[in-house]
Amino acid sequence: MAGPTHVTTEGWSSRWAFILAAIGAAVGLGNVWRFPTLAGENGGGAFVLFYIGCVVLIGLPLILSEIIIGRAGRSDAVGSVRNVAEQSGVSRGWTTFGWMEIISAFLILSFYSVVAGWVIYYAGVMGGDFFGNLFSGAPFAGALQGEEAEAIQGRMTSLFGNIPLLLAMHTVFMGVTYAIVARGVHDGIEKAALYLMPAFFVLLIAITIYGAFVGNFGQAVAFMFTPDFSKLDAPAMNAALGQALFSMSLGSAALITYGAYVSKDTKLPPTAAMIAVADTGVAIIAGLMIFPIVFAVGLDPAAGPTLVFQSLPVAFQQMPGGSLIGFLFFVLIFFAALTSSISLLEGPVSWGINELGWSRFKSATIFSLAIFIVGIACLLSLNVWSDVRLLPFWSIFAESSIFDVIDGFTGKVMLPVAAFLTAIFIGWRADKKLVAAETGLEGGLFALWRFLVAWLAPIGVAVILVFGLFPGLLA
Ligand code: PHE
């Protein structure tokens, strides 16, 4: 039996460094922007319940599976899968899903950075407004006083029409992500998580408490927890599953790659549970932060992707201290986005380092530039390329722009397929002793985890995937 090859030389300095970095990878735009948006569009309660089911039954077992692959394989997503396959005496063909994960990470980061760019823009607008108020002696004024509601909403349309501005923000965000990843696991990724994650949690709690006092908390709770199962159709289920995978950073190289840096004496199951709980907790708290504010000023919770960017600033105008809260709100999203984008970039970068023998500097530079360029295509599709269709022959993507195709195809197709293959690989093909030793689980708990990975996760993912992609089958 050959030992692992192309192994990484880097590692986390402690168990907590890993936990913070992994929670940082998980908590991102997915929690603060996409989850409330999807819950709003899909009727609230029933979606949230189904989402939690996906987290517990599919997400959590897979988090552990991916970290195991990384720690046992000690390489990038492709190299780790290959090493585990070789140690288990099964085909190297399993590296297919390692490849898919790296490609997904690449594609996701290209549009993620564009959205994070909007966040920077709004943080700038709100920050400018707040400091203006501060110097004119009204630090607790509502945001953007004197601007009409239509004008505030129109800011997003103007932003989408402003290519140089979009490009500048995209450049800033990719630049910061690059600067951190280029410094390495210890000096870059881990340090960023160490500062940004605590700051994120403080802001999250503070703004949620603010919203509970100033906003309509009761209506938000009712909206998020009263299930209306008539709204839970197959596409909504597919969206919930895709969102759960995306939000926990599954199927996109991040957890395998981060797992490779974990020391052998770290207990993995409690760590995996912490990631799942933190990620889901933040998604729900983010809903409880945003919806009270949305309802307080009578806005539409189903506004879609523009909810956070177009609706909330209007709400911040009418709320006491709105300019300060608005500013902190976008800073919070920025911190969350950054710790996630780092993990998205690290997947491809570690592949360049381990498989191609590139230096970290070279790999980070090449991948950042390549992703930056694909991101420009996403960015232009908000604008001059809005009519370009990449998959006109596929009904669910026929009307989608480049941005929406990359977002939808990774989330609805690539992540579920990678999750399915991961489950089959760990549940059926990888050496059982090796897997058991890596989990450190025994007896009934191991049996339960194995049942979820080998049976429930693949069947659940496959069913949801097929009916979600081909809703006609149910008709
Ligand atoms: N989980 C991140 C979020 O919710 C996005 C992400 C996906 C990060 C895949 C890494 C890998 O925003």
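Screening residue 386 against (1) open to solvent by 40 Å² or more (accessible area, probe 1.4 Å); (2) modelled with pLDDT under 95; (3) under 30 Å from residue 450 (Cβ atoms) leaves a single unmet condition, (3). Scanning region 244-258 for residues that are within 7 Å of the ligand (Cβ to nearest atom) and part of a helix (DSSP H, G or I) yields 246, 247, 254.
Taken over region 61-82, the criterion of being touching a Leu at 6+ places or on another chain (Cβ under 8 Å) and within 16 Å of the ligand (Cβ to nearest atom) is satisfied by 62, 63, 66, 67, 70. Filtering region 273-310 to residues that are open to solvent by 10 Å² or more (accessible area, probe 1.4 Å) and of a type in the set (Gly, Ala, Ser) leaves 273, 278, 281, 296, 298, 302, 303.
To keep it simple, each residue is scored yes or no on (1) in contact with a strand residue (DSSP E or B) (Cβ under 7 Å, 6 or more places away or on another chain); (2) of a type in the set (D, E, K, R); (3) outside any helix (DSSP H, G or I).
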site: 128; (1), (2), (3): no, no, no
site: 137; (1), (2), (3): no, no, yes
site: 146; (1), (2), (3): no, no, yes
site: 156; (1), (2), (3): no, no, no
site: 172; (1), (2), (3): no, no, no
site: 190; (1), (2), (3): no, yes, no
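Would you call residue 196 more than 29 Å from residue 422 (Cα to Cα), surrounded by 15 or more Cβ atoms within 10 Å (Cβ to Cβ) and within 16 Å of the ligand (Cβ to nearest atom)? Yes; evaluated as a whole, the condition is true for this residue.
I'd like to know if region 343-357 contains one or more residues that are part of a helix (DSSP H, G or I) and either more than 29 Å from residue 260 (Cβ to Cβ) or of a type in the set (Asp, Glu) (or both).
Filtering region 343-357 down to residues part of a helix (DSSP H, G or I) leaves 343-356.
Remaining after also requiring either more than 29 Å from residue 260 (Cβ to Cβ) or of a type in the set (Asp, Glu) (or both): 346, 355.
Within region 343-357, one or more residues are part of a helix (DSSP H, G or I) and either more than 29 Å from residue 260 (Cβ to Cβ) or of a type in the set (Asp, Glu) (or both).
Looking across region 323-360, the residues that are within 11 Å of the ligand (Cβ to nearest atom) and small (Gly, Ala, Ser) come down to 336, 337, 340, 341, 343, 347. A count restricted to region 420-448 and to residues that are touching a Ser or Thr at 6+ places or on another chain (Cβ under 8 Å), open to solvent by 20 Å² or more (accessible area, probe 1.4 Å) and either in a helix (DSSP H, G or I) or under 30 Å from residue 236 (Cα atoms) (or both) stands at 4. So is residue 33 surrounded by fewer than 18 Cβ atoms within 10 Å (Cβ to Cβ) and within 16 Å of the ligand (Cβ to nearest atom) or not? Answer is no for this residue. Taking the criterion of being aromatic (Phe, Trp, Tyr) and part of a helix (DSSP H, G or I), the residues of region 358-380 that qualify are 361, 367, 372. Of all residues in region 153-193, those satisfying the criterion of being free of Cβ contacts under 8 Å to residues at least 24 places away in the same chain and either polar (S, T, N, Q) or buried (at least 16 other Cβ atoms within 10 Å of the Cβ) (or both) are 157, 158, 162, 183, 191.
If you check residue 117 against the conditions, is it closer than 21 Å to residue 372 by Cα and open to solvent by less than 10 Å² (accessible area, probe 1.4 Å)? Spelling it out, residue 117 is indeed closer than 21 Å to residue 372 by Cα and open to solvent by less than 10 Å² (accessible area, probe 1.4 Å).
Of all residues in region 365-376, those satisfying the criterion of being farther than 14 Å from residue 103 by Cβ and within 16 Å of the ligand (Cβ to nearest atom) are 368, 375. Evaluating residue 66 against the criteria (1) open to solvent by 30 Å² or more (accessible area, probe 1.4 Å); (2) under 14 Å from residue 262 (Cβ atoms) leaves one unmet condition, (1). Residues that are part of a loop (DSSP other than H, G, I, E, B) and touching a residue at least 12 places away in the same chain (Cβ under 8 Å) within region 52-92 comprise 74, 75, 76, 89, 90, listed in sequence order. Among the residues of region 83-109, those identified as over 12 Å from residue 422 (Cα atoms), touching a Gly at 6+ places or on another chain (Cβ under 7 Å) and within 16 Å of the ligand (Cβ to nearest atom) are 102, 104, 105. Please go through region 218-242 and pick out each residue that is surrounded by fewer than 19 Cβ atoms within 10 Å (Cβ to Cβ) and not small (Gly, Ala, Ser). Residues satisfying the conditions are 219, 221, 225, 226, 227, 228, 229, 231, 232, 233, 235. The condition of being among the β-branched types (Val, Ile, Thr), in contact with a helix residue (DSSP H, G or I) (Cβ under 8 Å, 6 or more places away or on another chain), open to solvent by 20 Å² or more (accessible area, probe 1.4 Å) and within 24 Å of residue 77 (Cβ to Cβ) holds for only one of 466, 417, 453, that being 417. May I ask you to list pairs of residues, at least six apart or on different chains, whose Cβ atoms are under 6 Å apart, with the first in region 257-286 being in contact (Cβ under 8 Å) with a residue 60 or more places away in the chain and the second being surrounded by fewer than 17 Cβ atoms within 10 Å (Cβ to Cβ) and part of a helix (DSSP H, G or I)? Hits for this filter: 266/15. The number of residues in region 2-29 that are within 16 Å of the ligand (Cβ to nearest atom) and assigned to a loop (DSSP other than H, G, I, E, B) comes to 2.
The values are calculated or read from the model by the stated rules, or taken from the named source; none is laboratory data. Keep in mind that this is a model prediction, so the values were computed, not measured. FYI the Cβ positions are ideal-geometry reconstructions off the backbone, even for glycines, and counts take in every protein chain you see. For the accessible areas, the whole protein counts, side chains as well, though only heavy atoms, and no ligand, DNA or RNA atoms are used. Shrake-Rupley method; radii C 1.70, N 1.55, O 1.52, S 1.80 Å.
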